[in-house]
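Participant: Before I ask anything, let me first share the structure, which is written out below as structure tokens.
Just so it is clear, none of the values below were taken in a lab; they were calculated from the coordinates. Model, not experiment: these values are computed from the prediction. So basically every Cβ, Gly included, is an ideal-geometry build from the backbone, and we count neighbours across all protein chains shown.
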């Protein structure tokens, strides 16, 4: 496999934070000379950490915002939706694991079983 850097899709990464809740990462398109490429849209992603007894869990969500202001305005709703989806996926994984039947002598994965 050969990695090839695509200089036509370069962006600079700019992080904005409110210092308590999370951060908004802006991927600002740039030309090869480092000047901003006005022909392409800035992409925004949202970053937060959910504190749990086991430690912080990173939450990342893409944003359809077209401006930094829109990304900031929709931050809470988007992150909370992502947290809800993560909880649903975790609950489904727990249900799936609970429904597995382990047969003596059957091959099992290398992942040790853990009782929660």
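Participant: Sort 82, 77 by Cβ crowding within 10 Å, fewest neighbours at the top.
Facilitator: Starting with the residue having the fewest Cβ neighbours, the order is 77, 82.
Participant: Starting from the 7 Å offset along Cα-to-Cβ, what nm value, one decimal, do you get for the label separation of residue 69 and residue 88?
Facilitator: Once both label points are built, they end up 3.2 nm from each other.
Participant: Roughly how tilted is helix 68-98, in degrees to the nearest 10 and between 0 and 90, from the longest Cα axis of the chain?
Facilitator: Roughly 20 degrees, rounded to the nearest 10.
Participant: Please compute the Kirkwood hydrodynamic radius of the stretch 7-98 from all pairs of different C-alpha atoms, in Å with one decimal.
Facilitator: With all distinct Cα pairs of the stretch 7-98 included, I get 14.9 Å.
Participant: Further, regarding this structure: Arranged by the count of other C-beta atoms within 10 angstrom, fewest first, what order do 33, 96 take?
Facilitator: By the 10 Å Cβ count, ascending, the order reads 33, 96.
Participant: With the contact rule set at Cα under 8 Å and sequence spacing of 6 or more, what percent relative contact order holds for the stretch 7-98?
Facilitator: Relative contact order for the stretch 7-98 comes out at 19 percent.
Participant: Once label points are set 7 Å from the Cα along Cα→Cβ at both residue 96 and residue 62, what is their separation, rounded to one decimal in nm?
Facilitator: Distance between label points: 2.1 nm.
Participant: Another question, if that's okay. Obtain the nm distance between the two label points defined at residue 7 and residue 51 by a simple spin-label model: each point lies 7 Å from its Cα along the Cα-to-C-beta direction.
Facilitator: Output for this residue pair reads 4.7 nm.
Participant: Here's something else I'd like to know. Want the number for residue 15 to residue 31: 0.36 nm per residue separation, take away the alpha-carbon distance, what's left?
Facilitator: Gain in length upon complete extension: 3.8 nm.
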